[in-house]
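Q: Structure incoming, see below.
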Amino acid sequence: MRLHVLIPAALLGLAPLACGGSDPEPNNPSQMQNQYGASTQYPPGQYPPGQYGQPTQPGQYGQPTQPGQYPPPATTTPTPTPTTPTATGTSTGQATPIAPAAVSAATPILTAMAASEVQGMQPEGGAFAGQFQDGQTLEQPFNIQPGKCYSVIGVGLGVQELNLQIVAQPAPMLPPVVLSQDNTTGPNATLGGKGSCFKNPLPVGGPAKAVMTVRGSGLAVAQIYVK
């Protein structure tokens, strides 16, 4: 009877040794890593470089290059806005028309010139004035009447040279024709003064214009006269 009791007890004592062996304990991370060839342990939440989509080099995929730092955002050089150079030489085109009252300082000069240059003539319409840059022009349309005689007087303020012309426009598609121009120099000009007014040689009238052109910059005013 004793022999039968001891044998089962010995068998029970060997059972844990047979079951345990060298198998790894379940859910032991260190045992699992050794099975798959991983020899390095990493803190919780971190993985070996190159695995599970982690960057292989610092600074990739927006990861910090140093603890607590991120690479600076990419910067682009702004495209410079093109600018238009300011003209410094002679300009052309139309001057800015202004009210003759804006050049009231020229009125006494204009009146004195009219008294000596265009005696017996009457103003044709009103005076015209402009703010000029070098080389700009200002035009005053009027109609030339048959048998009439025309003169123009101009006064400049701040300009170096003022030139006057009477120009006819035979037709819209034809170039303008200069009928008469002043032969004076300086900031003041007279076209057809002292009895030498321009007389229309044709028995019919037509459209024309008085043209002021200046050198330098400043103000100028002119008046057409007729008799």
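The values are calculated or read from the model by the stated rules, or taken from the named source; none is laboratory data. Small disclaimer: the values here were computed from a predicted structure and weren't measured. When we count neighbours, we look across all protein chains shown, and the Cβ atoms used for this are built from the backbone with ideal geometry, even at glycine. These accessible areas exclude ligands, DNA and RNA; they are computed on the full protein's heavy atoms, side chains included. Shrake-Rupley method; radii C 1.70, N 1.55, O 1.52, S 1.80 Å.
Q: Quick check on my filter: what residues within the stretch 145-155 are open to solvent by 10 Å² or more (accessible area, probe 1.4 Å) and either assigned to a strand (DSSP E or B) or in contact with a helix residue (DSSP H, G or I) (Cβ under 8 Å, 6 or more places away or on another chain) (or both)?
A: Within the stretch 145-155, C149 is the sole residue that qualifies.
Q: Conditions: (1) at pLDDT 95 or above; (2) aliphatic (A, V, I, L, M); (3) farther than 19 Å from F198 by Cβ; (4) touching a Leu at 6+ places or on another chain (Cβ under 9 Å). A127 meets all but one. Number of the miss?
A: Result: A127 passes all but (3).
Q: In addition: Pick from the stretch 180-199 the residues that are open to solvent by 30 Å² or more (accessible area, probe 1.4 Å), part of a loop (DSSP other than H, G, I, E, B) and out of contact with any Asp or Glu (no Cβ under 8 Å at 6 or more places or on another chain): which of them is nearest to Q160 (Cα to Cα)?
A: Only one residue tops the list, namely T184.
Q: Please state which of the following conditions G120 fails to meet, knowing it meets all the rest: (1) touching a Cys at 6+ places or on another chain (Cβ under 9 Å); (2) on the phi > 0 side of the Ramachandran plot.
A: The one condition G120 does not meet is (1).
Q: Residue check, P207 against (1) assigned to a strand (DSSP E or B); (2) of a type outside the set (A, V, I, L, M); (3) touching a residue at least 60 places away in the same chain (Cβ under 8 Å); (4) open to solvent by less than 40 Å² (accessible area, probe 1.4 Å), all met but one. Which one?
A: (4)
Q: Could you please tell me which pairs satisfy a Cβ distance under 7 Å, a separation of 6+ or placement on different chains, a first residue in the stretch 175-187 that is over 22 Å from F132 (Cα atoms), and a second residue that is open to solvent by 60 Å² or more (accessible area, probe 1.4 Å) and assigned to a loop (DSSP other than H, G, I, E, B)?
A: Cβ pairs passing all conditions: V177/P170.
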